[in-house]
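The values are calculated or read from the model by the stated rules, or taken from the named source; none is laboratory data. Owing to the predicted nature of the structure, the values given are computational and were not obtained by experimental measurement. In this analysis, Cβ positions are derived from the backbone assuming ideal geometry, glycine residues included, and neighbour counts consider all displayed protein chains. With ligands, DNA and RNA removed, areas are computed over all heavy atoms of the protein, side chains included. Shrake-Rupley method; radii C 1.70, N 1.55, O 1.52, S 1.80 Å.
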Amino acid sequence: MDMAKLFLEKVTSPLRDKRADTNVRDYVKELLASQSLPPEELAALQRVRLEALLRVCAETVPAYRLPEDETADTPAAFWKTVRPLTRAALRNHGGDYLAAGADRETLIPAMTGGTSGPPARFFTDRVTAERHEAARQRGLSWWGVKPGSRGAVLWGSPREWERFGGKEARRREWWLKDRLVLPACPLRAADMAEHIRKLNRFRPAYIMGYASSLYAFAQRMEAKGLILDFTPKVVLSAYEMLFDFQRETIARAFACPVASEYSARDAGVLAFECPQGGLHIASENVLLEVLEPEGFVPMPVGQTGLLAVTDLNNLSMPRLRYVLGDMAALSGVPCSCGLSLPLLVPPEGRVEELLLTPWGRLVHGHAFVRLARLSPSVRRFQLVQRGPERVVLKIDRDLSRPEDDTEEFIAKARSMLPGMTVDVLMADDIPLTPSGKHCYALREPDPDFDEAPEPSPDLDLDLDFDSDYPAPEAGA
Ligand SMILES: [Zn+2]
């Protein structure tokens with residue numbers, strides 16, 4: 001038998017069968033059918049799925065078992081007993097959230113991101129991963145991408161890359177999802193021409209990545225005069241907040257529209273932007289609540305608070321009312337595009353990126369991003385709060401620019417933090433988070449104004465990390 005034929009039979013076919021074996025296509029069909037249901041029918045569908053999840057929790061998940069003296073006769077009564085789940089609680093009691101009936105064969109290990117403290121490990125499952133992938137494909141369809149079309153990923157997470165190995169990640173994405181993977185962690189200027197050549201050959205319908213990776217890629221394309229010889233339907237920014245200036249540069253360089261997805265490695269694909277600019281919640285998959293940061297009390301529609309996510313699919317390791325750490329608001333206004341999926345006001349960023357001034361005022365790291373844009377010699381920056389009244393401003397200065405306008409940025413940043421000492425540190429090595437994201441501000445743990453991170457006992461499970469799906473961040 002010739003080698004090519006042998007390869008096709010022994011390697012290609014089983015992998016292709018594996019791709020065909022997923023339920024993503026069917027899930028996309030379901031989602032496309034439900035996205036235009038009357039709002040009350042959509043809400044009823046969500047309630048049915050929530051009730052099924054609550055039943056699993058009450059009966060089989062140790063963390064949700066009620067004490068002997070408490071009873072809840074209905075799902076609504078049970079829901080009232082459920083307290084929001086923080087990342088620290090998940091980290092310290094993770095094993096208690098695993099359902100007794102979970103099929104360990106299909107569990108997918110995952111890890112929370114975050115800027116401070118050790119990450120929490122948890123498990124998701126194949127159904128959950130496929131339903132989130134379906135929500136992404138449904139969102140892409142709003143931009144003209146046919147479900148199942150080939151895509152390209154700018155891979156931004158060094159941790160995932162290490163875990164799966166570059167080759168392995170490429171193989172999985174290519175064979176299982178028809179996605180071309182281009183490493184962007186870090187993105188090397190010398191590789192740009194090769195990346196463009198690969199994209200031109202593969203001709204993906206969409207290109208996805210972190211906002212910061214796509215922006216850096218687009219900047220390099222423009223600086224080197226590189227263009228694609230085809231037009232993708234859309235570029236998809238995922239897992240990170242997309243700023244307007246980033247969107248403009250990306251749209252110009254790739255010559256196509258840019259869509260934003262609101263997704264998190266701890267929670268999957270939560271909302272997807274439509275061409276009219278509405279960020280539609282995938283409410284068949286998730287229930288989103290906005291809670292007061294202090295008492296975790298649900299807040300009225302329109303008000304900003306902490307976002308809590310209940311994934312309606314993950315029956316293997318349910319996390320009810322999981323506090324994600326993002327500040328956001330639910331919108332009560334319908335979208336002009338006609339989809340009945342409710343809208344989320346675009347999240348304002350992670351609560352971990354808030355600086356706390358001595359007067360009790362909170363200033364978000366994103367507030368400094370626009371200031372930095374006015375000083376082109378500031379390539380990157382990061383504010384690190386080292387105590388109640390002290391902040392270190394790290395600046396990565398672009399030395400190739402003749403003018404130095406960092407002083408203007410420093411003065412404006414100081415004026416936004418009255419009463420605080422701002423020490424400036426020129427640094428070209430501002431570290432990324434373990435998942436490869438840039439963090440504009442962070443607070444170093446200080447017993448005076450922050451809880452110290454708790455130790456992280458590992459989950460008592462011996463599972464094979466070599467599952468068919470990378471962790472959610474990798475695009476599952
Ligand atoms: Zn819309």
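This table checks each residue for (1) open to solvent by 50 Å² or more (accessible area, probe 1.4 Å); (2) more than 17 Å from Leu432 (Cα to Cα); (3) in the same structural domain as Pro39 (by TED's automatic domain parsing); (4) not aromatic (Phe, Trp, Tyr).
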position: Ala328; (1), (2), (3), (4): no, yes, yes, yes
position: Pro334; (1), (2), (3), (4): yes, yes, yes, yes
position: Leu343; (1), (2), (3), (4): no, yes, yes, yes
position: Glu352; (1), (2), (3), (4): no, no, no, yes
position: Ala367; (1), (2), (3), (4): no, yes, no, yes
position: Pro376; (1), (2), (3), (4): yes, yes, no, yes
position: Glu389; (1), (2), (3), (4): yes, yes, no, yes
position: Leu393; (1), (2), (3), (4): no, no, no, yes
* To do: Kindly indicate whether any position in segment 238-259 is of a type in the set (Phe, Trp, Tyr), modelled with pLDDT of 95 or more and within 16 Å of the ligand (Cβ to nearest atom).
  => no
* Would you please list the contacts, defined by Cβ atoms under 8 Å and residues six or more apart or on different chains, that run from a residue in segment 319-337 that is on the phi > 0 side of the Ramachandran plot to a residue that is of a type in the set (Val, Ile, Thr)? => Arg321/Val82; Arg321/Val309; Arg321/Thr310; Gly325/Val351
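Does Ile207 meet the test of being surrounded by fewer than 15 Cβ atoms within 10 Å (Cβ to Cβ), in the same structural domain as Ser283 (by TED's automatic domain parsing) and at pLDDT 90 or above?
Considered against the rule, which asks whether it is surrounded by fewer than 15 Cβ atoms within 10 Å (Cβ to Cβ), in the same structural domain as Ser283 (by TED's automatic domain parsing) and at pLDDT 90 or above, Ile207 comes out as no.
Each row is one residue, and each column tells you yes or no for (1) within 16 Å of the ligand (Cβ to nearest atom); (2) under 23 Å from Leu53 (Cβ atoms).
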position: Pro293; (1), (2): no, no
position: Val297; (1), (2): no, yes
position: Val309; (1), (2): no, yes
position: Leu312; (1), (2): no, yes
position: Arg321; (1), (2): no, yes
position: Met327; (1), (2): no, no
position: Gly332; (1), (2): yes, no
position: Ser336; (1), (2): yes, no
position: Ser340; (1), (2): yes, yes
* Structure fact -> The correct count of residues that are open to solvent by 70 Å² or more (accessible area, probe 1.4 Å), in contact with a Pro (Cβ under 9 Å, 6 or more places away or on another chain) and not charged (D, E, K, R) in segment 20-61 is 1
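Taking the options Leu187, Leu182, name whichever one is farther than 23 Å from Lys29 by Cβ, at pLDDT 80 or above and assigned by TED's automatic domain parsing to the domain that holds Ala264. Reasoning before the result, please.
Numbers: Leu187 fails: at pLDDT 80 or above.
Of the residues listed, the single one that is farther than 23 Å from Lys29 by Cβ, at pLDDT 80 or above and assigned by TED's automatic domain parsing to the domain that holds Ala264 is Leu182.
Each row is one residue, and each column tells you yes or no for (1) of a type in the set (Ser, Thr, Tyr); (2) open to solvent by less than 30 Å² (accessible area, probe 1.4 Å); (3) part of a helix (DSSP H, G or I).
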position: Ala63; (1), (2), (3): no, no, yes
position: Asp69; (1), (2), (3): no, no, no
position: Asp73; (1), (2), (3): no, no, no
position: Ala76; (1), (2), (3): no, no, yes
position: Gly94; (1), (2), (3): no, yes, yes
position: Ala102; (1), (2), (3): no, yes, no
position: Glu105; (1), (2), (3): no, no, yes
* Structure fact -> Arg150 vs (1) open to solvent by less than 10 Å² (accessible area, probe 1.4 Å); (2) modelled with pLDDT of 85 or more; (3) in contact with a helix residue (DSSP H, G or I) (Cβ under 9 Å, 6 or more places away or on another chain): all pass except (1)
* Structure fact -> (1) open to solvent by less than 20 Å² (accessible area, probe 1.4 Å); (2) more than 16 Å from the ligand (Cβ to nearest atom) all hold for Leu356 apart from (1)
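Please state which one of Thr124, Thr128, Thr112 is modelled with pLDDT under 85 and crowded, with 21+ Cβ neighbours inside 10 Å.
It is Thr112.
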* So which residues in segment 268-282 are away from the ligand (no atom under 13 Å from the Cβ) and either open to solvent by 10 Å² or more (accessible area, probe 1.4 Å) or on the phi > 0 side of the Ramachandran plot (or both)? -> Gly268
* **Filter result (outside any strand (DSSP E or B), in contact (Cβ under 8 Å) with a residue 24 or more places away in the chain and not charged (D, E, K, R)) within segment 382-406** => Pro388, Thr406
* Val297: assigned by TED's automatic domain parsing to the domain that holds Ala100, over 30 Å from Ala102 (Cα atoms) and touching a Lys or Arg at 6+ places or on another chain (Cβ under 6 Å), yes or no? -> no
